[in-house]
Amino acid sequence: MSDEGTALSFAVHAETSADIPAREALLDRAMGLKRRKKSSEKLRRGRRPSEGLAFVARDAAGTVVGTVRLWDVAMGESGGAALLLGPLAVCPSQKSAGIGSGLVRHAIAEARRLGHRAVLLVGDEPYYGRFGFSAEKTGKLAMPGPYEQHRFLALELCEGALDGAVGTLRAAGRKLKAGRTLLAA
């Protein structure tokens, strides 16, 4: 799938195991090594991304230039299901080329198609607001560990999906096989 709104040619693909080294190197370049200490990481550690919701963007040469994954989480006391988006990263030399936007749009569309009801993330509202994310429905939810509440955003894929959601997010979904925890982020 190409993002037709940009001059740079790229395509979004389902992530494969062959993409893991390139994805990890991209995440390190784009986000630094401190990325593994973020609160969101506590929800990803030891887990696999939600089935069918891990993507890479490749340029015309086939190089991985972007990545995004969505993870299964349980919402606080209600235990309702949601997805956690992240990390989203784009090759620093390709910033502002529409790759991040293309990945987010593709991930949201696939999550909706697969029947998921809500997507949460920690990020900048000026960036994610254009996709419909806001802090409006996260006021009674919390992330494990430190985070900035105003950066905790949500997008309901089904109206009312976050009504009554209260408490701290918990990891859910598929666990990684032993020895693969470093590849979770």
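The values are calculated or read from the model by the stated rules, or taken from the named source; none is laboratory data. Keep in mind that this is a model prediction, so the values were computed, not measured. Positions of Cβ are backbone-derived with ideal geometry, glycine not excepted, and every protein chain shown enters the neighbour counts.
Taking every residue in region 25-48 that is assigned to a strand (DSSP E or B) and pairing it with any residue that is at pLDDT below 85 and surrounded by 19 or more Cβ atoms within 10 Å (Cβ to Cβ), at least 6 positions away or on another chain, yields no pair with a Cβ-Cβ distance below 7 Å.
Just checking, does region 155-174 include any residue being part of a loop (DSSP other than H, G, I, E, B) and either of a type in the set (S, T, N, Q) or within 20 Å of Val65 (Cβ to Cβ) (or both)?
No, the conditions are met nowhere in region 155-174.
Cβ-Cβ contacts under 8 Å between residues 6 or more apart (or on different chains), taken from a first residue in region 104-118 that is under 16 Å from Gly66 (Cβ atoms) to a second residue that is in a helix (DSSP H, G or I) and of a type outside the set (Asp, Glu), are listed as Val104/Tyr128; Val104/Phe131; Arg105/Phe131; Ile108/Phe131. In region 8-43, which residue that is farther than 18 Å from Glu110 by Cβ and among the basic types (Lys, Arg) is surrounded by the fewest Cβ atoms within 10 Å (Cβ to Cβ)? So the residue we want is Lys34. In region 125-154, the qualifying residues are those that are crowded, with 19+ Cβ neighbours inside 10 Å and assigned to a loop (DSSP other than H, G, I, E, B), and the one that is modelled with the highest pLDDT is Phe133. From the list Ser78, Ser93, Ser101, the lone residue that is under 24 Å from Arg36 (Cα atoms) and either part of a loop (DSSP other than H, G, I, E, B) or modelled with pLDDT under 95 (or both) is Ser93.
When only residues in region 84-115 that are closer than 26 Å to Thr138 by Cβ and among the charged types (D, E, K, R) count, which is surrounded by the fewest Cβ atoms within 10 Å (Cβ to Cβ)? Only one residue tops the list, namely Arg113. Based on what the data block shows, is Ser78 touching a strand residue (DSSP E or B) at 6+ places or on another chain (Cβ under 6 Å) and either surrounded by fewer than 16 Cβ atoms within 10 Å (Cβ to Cβ) or among the polar types (S, T, N, Q) (or both)? It is false that Ser78 is touching a strand residue (DSSP E or B) at 6+ places or on another chain (Cβ under 6 Å) and either surrounded by fewer than 16 Cβ atoms within 10 Å (Cβ to Cβ) or among the polar types (S, T, N, Q) (or both).
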